[in-house]
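Chemist: The structure's right below; bear with me while I get my questions together.
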Amino acid sequence: MAVSFSQSVQLTCPTCRSKFVTDVWLIVDVVERPDLLQRIRDGTFHDIPCPNGHSGTVDAPLLLYRPGEDPPLIFSPARGTTQEQDRQHAQGLVGRLRDGLGGAWRDEWLAKGLPAAAREMLPAALSDDPETAMRELAEWA
């Protein structure tokens, strides 16, 4: 059973005002969906093209599930939300992931809290090159 989760949403292109439906990914199992992991690393994950070729960005929370990695979960909040909304989004996405994983879920993943990374920091947080990641983190800060 697939763990990654998306929702279909209706959007309006900010450029041409065309309405269209697209999938917005909210939970990504990076082993199950390496294509989405690559888009996250590229910083293009929430870039959504409209049917007329324009591009915009959707502001949505994201929960990453990284089996076998430490930490196995990383939450990236939406940009235009309050701390309370971020908490609610995180709880909802973690609950959905817990249900999807069933017996594979481990409560200890949250023993130290849910690690979070701002959207701009996700590529660095997921880098295979720790030195570059640290440099990018320092530049961003």
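The values are calculated or read from the model by the stated rules, or taken from the named source; none is laboratory data. Only a predicted model underlies this, so the values are computations on that prediction, with no experimental measurement involved. Counting neighbours? That spans all protein chains shown, and the Cβs are built from the backbone with ideal geometry, glycine included.
Chemist: Please state which one of Glu32, Glu69, Glu108 is of a type outside the set (S, T, N, Q) and in a helix (DSSP H, G or I).
Modeler: Glu108
Chemist: Looking only at the range 119-130, which residues are modelled with pLDDT of 65 or more and surrounded by fewer than 12 Cβ atoms within 10 Å (Cβ to Cβ)?
Modeler: Asp128, Asp129
Chemist: Regarding the range 84-99, can at least one residue be identified that is at pLDDT 95 or above and assigned to a loop (DSSP other than H, G, I, E, B)?
Modeler: Scanning the range 84-99 turns up no residue that is at pLDDT 95 or above and assigned to a loop (DSSP other than H, G, I, E, B).
Chemist: Hey, any hits in the range 2-24 for a residue that's in a strand (DSSP E or B), surrounded by 17 or more Cβ atoms within 10 Å (Cβ to Cβ), touching a Leu at 6+ places or on another chain (Cβ under 8 Å) and not aromatic (Phe, Trp, Tyr)?
Modeler: Taking every residue of the range 2-24 in turn, none turns out to be in a strand (DSSP E or B), surrounded by 17 or more Cβ atoms within 10 Å (Cβ to Cβ), touching a Leu at 6+ places or on another chain (Cβ under 8 Å) and not aromatic (Phe, Trp, Tyr).
Chemist: Name the single residue, out of those in the range 35-66 being assigned to a loop (DSSP other than H, G, I, E, B), surrounded by 19 or more Cβ atoms within 10 Å (Cβ to Cβ) and in contact with a helix residue (DSSP H, G or I) (Cβ under 7 Å, 6 or more places away or on another chain), that is modelled with the highest pLDDT.
Modeler: Pro61
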